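Undergrad: Pasting a structure here, questions to come.
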Amino acid sequence: MSTPLEELLNMEPEEIWRRNERPDADGLRRKAQIYYEDVNEGDELPKYVYKPTPTHLFRWSAAIENFHRIHYDLDFGLNHDRNPSILVHGSWKQSVVPQYLKDWTLPNGWPWKARFEHRAMLVPGDILIMWGRVTSKYEKEQIGFVELEIGMKTQDGIESMPGTATVALPLRDGPPIPYPFVPPAAD
Amino acid sequence: MTQQQQQTHPPALTPAVQAMIGVSGEVVESWGVVDGEYMRRFTQALMDPDPRYWDDEFAKSTRYGELIAPPIMVSYLASRIRPDQGDPITAAFEENPESDGIGSVARPGELPPVPTNLVRVLNAGNELEVYAYPSIGDTIFFQNRYSDIRERLGRDGTPFLIITRETRYWNQDDVTLCITRASTIRR
């Protein structure tokens with residue numbers, strides 16, 4: 001049972017960090033399928049908690065070859081762009097989204113689509129909470145579709161990435177979800 | 001909106017701007033292929049330890065039957081600067097030592113600019129659709145296009161544009177891997 005988001009936001013940062021539910025490799029290896037029938041409106045997804053440091057930011061810049069100085073050059077960030085510090089990449093946040101949806105739908109569901117906005121500047125020292133909540137679900141062409149509200153909040157409750165997502169989950173007695181994924185007609 | 005405001009501010013969505021909707025860039029074949037080392041760096045920087053990315057034996061037991069790669073990874077792989085086309089990063093800093101390292105760097109497959117004098121750019125949101133996982137060895141192709149341009153009015157009645165750039169990524173078998181859309185506000 002995932003700690004409710006509102007409850008998490010009332011905790012001290014270190015306590016939030018201790019409630020981190022990011023799975024390790026074995027957790028992902030053993031992940032049990034969530035079926036469409038298991039899901040109810042209002043259900044909360046696991047909370048992925050991050051504590052980005054300058055090293056994390058530099059590692060991401062290097063991995064994707066993003067040379068923008070606002071992410072690693074503190075002097076440039078403070079004095080040229082007048083930012084409060086070096087900034088957490090929007091590209092990292094938007095890469096967490098499909099990872100988060102993949103993990104929740106593993107092993108045989110599908111993290112179909114998401115849309116989100118980038119708000120707020122995130123800096124090293126922030127505690128970041130990737131969260132999701134079921135808003136509705138429907139069945140179509142023998143696939144279970146689940147609509148989610150998603151986001152990434154700071155420890156202060158500031159929403160930095162409000163968004164929505166749609167994932168596909170298998171029905172308990174349904175066929176496999178097609179792969180490559182084929183959206184239902186009219187979607 | 002008063003008649004006076006309408007007369008004060010000329011429309012932002014001019015026929016020339018509207019004509020950009022649907023305009024596509026060239027099809028670009030990314031430099032190199034999806035490779036395990038690039039994926040290691042990407043997934044470690046993302047902090048996604050999923051064994052589907054690195055454990056061959058386990059990957060064979062999944063429905064995909066092989067190692068997979070994060071779909072959004074191809075969007076960064078695709079922006080690799082081809083070594084046979086000069087070094088735009090060094091060139092940008094030679095031209096301007098205060099370069100931000102990204103704004104003036106030419107990328108393959110870029111779209112022609114939208115003919116507007118609205119120069120301030122703000123992020124208005126992102127969309128991601130996922131259809132298949134890339135495989136090790138895949139060659140990645142992509143193409144940008146302006147999928148939508150809309151005019152909106154600010155609180156003061158000043159028109160601004162929301163420009164959406166869509167990018168489709170596919171592999172050598174013409175399997176669509178993912179589609180991204182990035183919307184920007186131009187004020």
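Undergrad: Looking at the range B:1-35 only, could you name the residues that are surrounded by 13 or more Cβ atoms within 10 Å (Cβ to Cβ), modelled with pLDDT under 95 and assigned to a helix (DSSP H, G or I)?
TA: The answer is B:Q5, B:Q6.
Undergrad: Quick check on the range A:108-138: of everything there that is more than 14 Å from chain B (Cβ to nearest Cβ), of a type in the set (G, A, S) and in a strand (DSSP E or B), which residue is surrounded by the most Cβ atoms within 10 Å (Cβ to Cβ)?
TA: For the range A:108-138, the residue satisfying everything is A:G132.
Undergrad: Here's a follow-up. Determine whether A:P176 is farther than 21 Å from A:V49 by Cβ, within 14 Å of another protein chain (Cβ to nearest Cβ) and touching a strand residue (DSSP E or B) at 6+ places or on another chain (Cβ under 8 Å).
TA: no
Undergrad: A further question follows. Residues that are away from chain A (no Cβ under 12 Å) and more than 19 Å from the chain's Cα centre (by Cα), at least 1 per element: which strands (runs of 3 or more DSSP E) completely within the range B:83-187 meet that?
TA: B:140-153, B:159-171
Undergrad: Restricting to the range B:60-119, give me the number of residues that are touching a Ser or Thr at 6+ places or on another chain (Cβ under 8 Å), of a type in the set (G, A, S) and within 30 Å of A:K31 (Cβ to Cβ).
TA: Residues flagged as touching a Ser or Thr at 6+ places or on another chain (Cβ under 8 Å), of a type in the set (G, A, S) and within 30 Å of A:K31 (Cβ to Cβ) within the range B:60-119 amount to 3.
Undergrad: Within the range B:37-62, which residues are outside any loop (DSSP other than H, G, I, E, B) and open to solvent by 40 Å² or more (accessible area, probe 1.4 Å)?
TA: Correct list: B:E37, B:R40, B:R41, B:Q44, B:D56, B:E57, B:K60, B:S61.
Undergrad: Test A:D103 against the stated conditions and say whether it is of a type outside the set (S, T, N, Q), open to solvent by less than 30 Å² (accessible area, probe 1.4 Å) and part of a helix (DSSP H, G or I).
TA: Criteria met by A:D103.
Undergrad: Do we have A:V97 as part of a strand (DSSP E or B), assigned by TED's automatic domain parsing to the domain that holds A:K47 and either under 18 Å from A:K47 (Cα atoms) or within 14 Å of the chain's Cα centre (by Cα) (or both) here?
TA: No: the conditions fail for A:V97.
Undergrad: If you check every pair at least six apart or on different chains, which have Cβ atoms under 6 Å apart with a residue in the range A:21-42 that is within 14 Å of chain B (Cβ to nearest Cβ) first and a residue that is open to solvent by less than 40 Å² (accessible area, probe 1.4 Å) and aliphatic (A, V, I, L, M) second?
TA: Between residues of the range A:21-42 that are within 14 Å of chain B (Cβ to nearest Cβ) and residues that are open to solvent by less than 40 Å² (accessible area, probe 1.4 Å) and aliphatic (A, V, I, L, M), the close pairs are A:K31/A:L106.
The values are calculated or read from the model by the stated rules, or taken from the named source; none is laboratory data. As the structure is a computational prediction, the values presented were derived from the model and not from experiment. Backbone-built Cβ (ideal geometry, glycine too); neighbour counts: all protein chains shown. For the accessible areas, the whole protein counts, side chains as well, though only heavy atoms, and no ligand, DNA or RNA atoms are used. Shrake-Rupley method; radii C 1.70, N 1.55, O 1.52, S 1.80 Å.
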